[in-house]
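Read the figures in this text as sums done on the coordinates, not as results from a lab. The structure presented is a predicted model; accordingly, all values stated were derived computationally and were not measured. Here Cβ is always computed from backbone atoms with ideal geometry, including for glycine, and neighbour counts include all displayed protein chains.
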Amino acid sequence: MTAVSTPPPRVATSDGADAAPQPRRRRWLGENPLGLVFSAPYLVFVLVVFAYPIVFAVWMSFQDYFFAAPGAVVDRPFVGFANYVAVLQDPKVWQSFGNVGIFLLINVPLTVVFSLLLAYGLNTIIHAGIFFRISYYVPYVTASVAVVAVWLFLFSRDGLVNQVLGPLAPEPSWLVNSALAMPTIALFVTWKGMAFYILLYLAALQNVSKELYEAASVDGAGPVRKFFSVTVPGVRPATFLVLLLATVTGANLFTEPYLLTGGGGPNGASSSPVLLMYQKGIEQGNPDVASAIGVILIILVLGIAWIQRRFVGKED
Amino acid sequence: MSHPDLPVNTDTVAMVTERRRSRRSHNPNEAGRGRKVLLYVVLALGAFAFLFPFYYMVIGSLQTKVDPSVAGAFPDPANISGDNYVAINERINLVQGLVNSGIFTGGVLIGTIVFGVLAGYALAILHWRGRGVVFALALLVQVVPFQLLMIPLYVMIARDFGLADSYGGMILPFFINSTAVIIFRQYFVQLPKELWEAARIDGAGELRVLWSVALPLVRPAVLTTIILTFIGPWNEFLWPFLITKEAALQPLAVSLANFISTVAASTANPFGAMMAGAVVLSIPAIVLFLVFQRYFVSTDLGSSVKG
């Protein structure tokens, strides 16, 4: 603040000298063209890392694209929908999309219910709030690879979970059981990512008006009634965000099936589209087919997001 | 640590609450108190579910001989040693891994703070053509599933730019965190407009306003951004895994993952060694989070996502 109160006169005069070309420049670039200069690095970054690759991926999915030595001139012909046909005829692809469907059916409801409940609890209590908050956030700030290691340990055949369950332990064990591998992964991701959604709900709960709660009390509503009639509708915009982001996260599933179930096992029961993209695109050298999977995945995610917006996100 | 009892406890508390409520329903404070106890029990169960795996990680990393039994969840002085840390360090160079993770994360932090503050300031304070478009892009980027870009990015960065097995190639896709740009913008928008007007009336140029007025004020947002941005690259697995084949360049998350998926079985106590590696990988992020946790706040995040 103190630094500002000393006016540097130089700047003032140079401004005066620029006065003539100013109006036209302003009309084209706005009042403060320096803003474009300040944003330029970020804009270039977004174009190089997001915009161009998206276009490139779509283009690649219509080519017979393969890796070639740098600088080599190769012919990569346009093949129309051939890559898409190949993808859609591959039962492994269908299986991986089905797996993500199972994943979302388990992960999304659990995430919405528990993150809202825990956020509501955190928002209500007076004591030990910091302790609870920190404990909920710890999995979120820790590397997937590190917590995957613990889950491998906990859910291994002779692991603690099965020891506690005793005769109730599933056979074959969790991560090698084709019916349980994907649900276990869904549970893991729910647990790991919960904190982020708790944060979103905590922010949303600040915006639910106190008067509504008071009005409900006057009408004789109990705490459960108030939760469902005031809190749940009050945080609906946040619920839409949670649904959307949980869906996007689910579509991105890679690390967990790669490490928890040793690459989508058993027999592809926990494979995911992104895992297939890695296997087909990088390991087997078919980036064109992998891109086609990616494009289909994006279209599906957009479709789900649209449905969620229609039913949850719309304003009253 | 008698966790199997905990669910029973909830039931008991619920029953007690119920009984109290029916007996003294004329006293609403009593009923409210029972509810509060129930609330704390639920929150404590949550805390247990979130923290126990970390406790178990530490215990497992210290067990000389792996003990997955229920008794093994409690520390046993006869079975505690640092052997697993030595074992994992023989397979993957922990220090080198930490240094690589640090360089990767540090590069992203520098890019995000320098260019994120610039962009956030421009988006919030300056009026220029295209401002709305850039802001919309920053919001849109948040919902683009990054993994879906991995194939084209891999072709571009590893093949076209020749940046495979380099820190630059690792850093590039994360260089400027869009969430940080939005947090900075949001922060600048909240500051009173008079500040900027006063500075300009005093004749300060835009660069000077940014340097002497905006930067000192934006410090809390920088701290929020550091903790938020740090956990991205530090914990990132897929991208550095794709781009680094050379073990000497791999961040710790990648080398630990390779250990888990390929060589763990060949060690004497594979789970112990995995836990030891997991502890080393977790500690920096958790410590940083504990130090900065009061800056890890919902309002910033919430408003940033809401735009």
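So the values come out like this:
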| item | result |
| --- | --- |
| ³J(HN,Hα), Karplus 6.51/-1.76/1.60, whole Hz, each residue of region A:198-204, x for Gly, Pro | 4, 4, 4, 5, 4, 5, 5 |
| Where only alpha carbons of region B:31-150 are counted, the Rg and the Dmax (Å) | 24.4, 70 |
| Efficiency of FRET between B:V86 and A:R157 - r from beta-carbon atoms, R0 35 angstrom, step 0.05 | 0.85 |
| Relative intensity, log₁₀ I(q)/I(0), of region B:160-256 from a Debye sum that treats every alpha carbon as a point, q = 0.13, 0.21 Å⁻¹ | -0.63, -1.00 |
| Per-residue [θ]222 nm for chain A (sum of -39500 (n - 2.57) over DSSP H runs n ≥ 4, rounded to 500) | -19500 deg cm²/dmol |
| Computed Kirkwood radius, in angstrom, where 1/r is averaged over Cα pairs of chain A | 24.1 |
| Centroid-to-centroid separation of region A:205-269 and region B:71-145 [C-alpha atoms, Å] | 26 |
| Inter-part distance where region B:243-264 and region A:28-76 are each reduced to a Cα centre, Å | 29 |
| Lysine pairs within the protein assembly as shown, Cα separation less than 24 Å, 8 or more sequence positions apart or different chains | 11 |
| Rounded to whole Å, sorted largest first: equivalent-ellipsoid semi-axes of the protein assembly as shown, Cα gyration tensor | 41, 36, 25 |
| Hydrodynamic radius of region A:47-164 per Kirkwood, over alpha carbon pairs, in Å | 20.0 |
| Between region B:35-67 and region B:165-219, the alpha-carbon center distance in angstrom | 40 |
| Hz values of 3J(HN,Hα) by residue in region B:197-207 - Karplus curve (6.51, -1.76, 1.60), Gly and Pro given as x | 4, 4, 5, 6, 4, 5, x, 6, x, 4, 4 |
| Förster radius 35 Å - calculated FRET efficiency between B:Y40 and A:R310 (Cβ-Cβ, nearest 0.05) | 0.35 |
| Estimated [θ] at 222 nm from DSSP helical runs (n ≥ 4, -39500 (n - 2.57)) normalised by residues in chain B, nearest 500 | -21500 deg cm²/dmol |
| Where trypsin sites (Lys or Arg not before Pro) in DSSP loops with at most 15 other Cβ within 10 Å are excluded, longest remaining stretch of chain B | B:66-244 |
| Difference of contour (0.36 nm per residue) and Cα-Cα distance, A:Q284 to A:Q206 | 23.1 nm |
| Column: log10 I(q)/I(0), Debye, Cα scatterers of chain B, q = 0.11, 0.13 Å⁻¹ | -0.90, -1.05 |
| Computed label-point distance, nm, for sites A:V73 and B:V263 using a 7 Å Cα→Cβ extension | 4.5 |
| Spin-label pair B:S69/B:V143, simplified geometry with 7 Å Cα→Cβ offset, distance in nm | 5.4 |
| Label-point separation in nm, B:F48 to A:A128, each point 7 Å along Cα→Cβ | 1.1 |
